[in-house]
1. Name the residue that is nearest to ligand 1 (Cβ to nearest atom), counting only residues in region A:53-83 that are at the interface with chain B (Cβ under 10 Å from one of its Cβ atoms) and not in a loop (DSSP other than H, G, I, E, B).
2. Are any of the residues in region A:63-75 over 23 Å from the mean Cα position of the chain (by Cα), over 26 Å from residue B:172 (Cα atoms) and of a type outside the set (D, E, K, R)?
3. Of all residues in region A:29-43, which are open to solvent by 30 Å² or more (accessible area, probe 1.4 Å) and more than 25 Å from residue B:181 (Cα to Cα)?
4. When you scan region A:146-184, how many residues do you find that are without any contact (Cβ under 8 Å) to a residue 40 or more places away in the chain, outside any loop (DSSP other than H, G, I, E, B) and either open to solvent by 10 Å² or more (accessible area, probe 1.4 Å) or of a type in the set (Asp, Glu) (or both)?
5. Which residue out of B:158, B:130 is more than 9 Å from chain A (Cβ to nearest Cβ), surrounded by fewer than 16 Cβ atoms within 10 Å (Cβ to Cβ) and in contact with a strand residue (DSSP E or B) (Cβ under 7 Å, 6 or more places away or on another chain)?
6. From the list B:261, B:252, B:271, which one is in contact with a Pro (Cβ under 7 Å, 6 or more places away or on another chain) and not aliphatic (A, V, I, L, M)?
7. Could you run through region A:84-120 and say how many residues are open to solvent by 30 Å² or more (accessible area, probe 1.4 Å), of a type outside the set (Asp, Glu) and assigned to a helix (DSSP H, G or I)?
Amino acid sequence: MEAVENILSINNIEVKYHEVILVLKGVSIEVPRGGIVALLGANGAGKSTTLKSISGLLKVEVGEVTDGAIEFEGVRIHKKTAVEIAKMGIIQVIEGRRVFEHLTVEENLKVGAHLRKTGSVRDGLDLVYHYFPRLLQKRSEVAGFVSGGEQQMTVVGRALMTEPKLVLLDEPSMGLAPMLIHEIFNILMKLNKEERISILLVEQNVKLALNVAPYAYVMETGRIVMDDTSEKLKENEDIKDFYLGLSEKGKTKSFAEVKHYKRRKRWLT
Amino acid sequence: MELFFMTLTTGIMVGGIYALVALGWVLIFKCSGVLNLAMGELTLIGAYVTLSFYSMGVPFVLSILCTLIIGIVLGILIERIFLDKLIGEPILAVIMVTVGLSFFLKGLVGFIWGTDTRVFEPAIFSLKPFTIGFLKISIVYFWSFVLAIVLFLVFVAFFKYTRWGLSMQATADDETAALSLGVSARFVYAASWAIAFMAAGVGGALLGNINGVNISIGYLGLLVLPAVVLGGLNSVPGAIVGGLTIGILQNFAGTYLDGFFPGGVKEIFPFAFMAVFLLFKPYGLWGWIKIERM
Ligand SMILES: Nc1ncnc2c1ncn2[C@@H]1O[C@H](COP(=O)(O)OP(=O)(O)O)[C@@H](O)[C@H]1O
Ligand SMILES: [Mg+2]
């Protein structure tokens, strides 16, 4: 008997682009209801592909889940369209702060409202402005011209407007100043706690991710190579070496090599 | 002087109708990146549909409403049948399909309604002019202009203030990001064709009121192309300024140049103007230049 119910479970999926390019080779991830889970890994590991498999955006890039299954609240979703999946309450915040740049900040938010079931657009906007007061000041500005941090807030706020159950965040900290990252992640944690929104967080900023998410998966070339509580991962020598940059080795070697090297070393001593 | 102002007002009035048709053009381009060369025929069909309802005794305003509804249905049908399968194909292929579509629709119109010029009978608006000071404005031009502008504003309000309209603009900006929020591009494409058909159809009905309805309305619809390009293909304010400019230019060419270059100059002049204009402003007046930020 599991203690917590999973809102999302990915069971050993294999993903191909264009029917031949095998990118995910048996990935399994679980996100508990109301939880935050981090997915870590270097560039090109397949993190974004994992998120796109869940949200259905994979199909836009001619990708397909060719094996395994993705279940959301007990329903298999990997054959559903992106629109159907969004309607079920899974929203992916695509990497790179993709605001609708010719619309104002508030208009961006209103686009998110088109899926709203309960309450009015006004209620949704009030909620977003409650969590992101900066957006209230910038509401009538064209989204293409606000700062990077405000754009990130806009795309998260836009997702919030849909009343999501699970938000998939793809590298929200990328290219932002530390102060802003701090501000945004505090808000994300508040949203998780107060609005009970489950979060699957993809990050390259490992230190940050491990502080925010109680549980994390580490991915490398299309496979999950490790998963554990963040407490344990922070203490893990390999993670320290390769991701937290506490030693020199990680800078040149791949994670797998480091692990291999470490294991041998442990045998010897 | 009087002739000058007469020409100017007539130009503005007709320009209002062009602006409406131009809006349809802009919408399809903005939402799906397709330059719809069948727009002239959509205008033509709108004129005939309104005329048919009116001839059956339906009041004019109701006939326009019926045209709007038929516009929605035809717009969605055409998008679904001819264009949906082409999503993702090279844009030139899609544009060529709209060329084919324009021939097909022209043939269809000839088949259903024949090629004789038909007029709205009894006339809806009197051709008699009313006078403001020294200006004589014909009533039919005046009301057509008012109707066109009202409809134009309704469409713009739809885009600016409803979530549907905003979702369409969002898709125009970033299709994948819109999809990530559950906005279906296929829905948006169909909706843009429906609205374009409504705008063009009513524009056609208004033009038909002025000149009578025959195949040449299709060419008037095409005459809007310079207006659209002038304003910048994806700019709504551009549609209105472009429409008015072309209306004015066309009428001035008709009044002042027809004596020197008899025949056709009225129709050709806007195109010539567009060509020269684009040399200097290749994005049109307000076309998108991608927002670049540091
Ligand atoms: N649309 C695509 N078509 C083909 N290959 C792709 C596509 N998108 C990503 N890939 C490949 O899949 C791998 C994983 O990419 P991605 O999921 O974006 O990694 P990450 O987000 O971890 O940086 C990379 O090798 C990348 O080249
Ligand atoms: Mg990525």
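The values are calculated or read from the model by the stated rules, or taken from the named source; none is laboratory data. Quick caveat: nothing in here was measured; it's all calculated off a predicted structure. Cβ coordinates were reconstructed from backbone atoms using ideal geometry, including for glycine residues, and neighbour counts include every protein chain displayed. Note: accessible area is taken over every heavy atom of the protein model, side chains too, but ligands, DNA and RNA are not part of it. Shrake-Rupley method; radii C 1.70, N 1.55, O 1.52, S 1.80 Å.
1. A:61
2. no
3. If the condition is that a residue be open to solvent by 30 Å² or more (accessible area, probe 1.4 Å) and more than 25 Å from residue B:181 (Cα to Cα), then A:42, A:43 are the ones that fit.
4. Within region A:146-184, residues that are without any contact (Cβ under 8 Å) to a residue 40 or more places away in the chain, outside any loop (DSSP other than H, G, I, E, B) and either open to solvent by 10 Å² or more (accessible area, probe 1.4 Å) or of a type in the set (Asp, Glu) (or both) number 6.
5. B:130
6. From the options B:261, B:252, B:271, the qualifying one is B:271.
7. So the count comes out to 4.
Here's the yes/no breakdown for (1) under 18 Å from residue A:141 (Cα atoms); (2) within 7 Å of chain B (Cβ to nearest Cβ); (3) touching a Leu at 6+ places or on another chain (Cβ under 9 Å):
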| residue | (1), (2), (3) |
| --- | --- |
| A:103 | yes, yes, yes |
| A:108 | yes, no, yes |
| A:120 | no, no, no |
| A:128 | yes, no, yes |
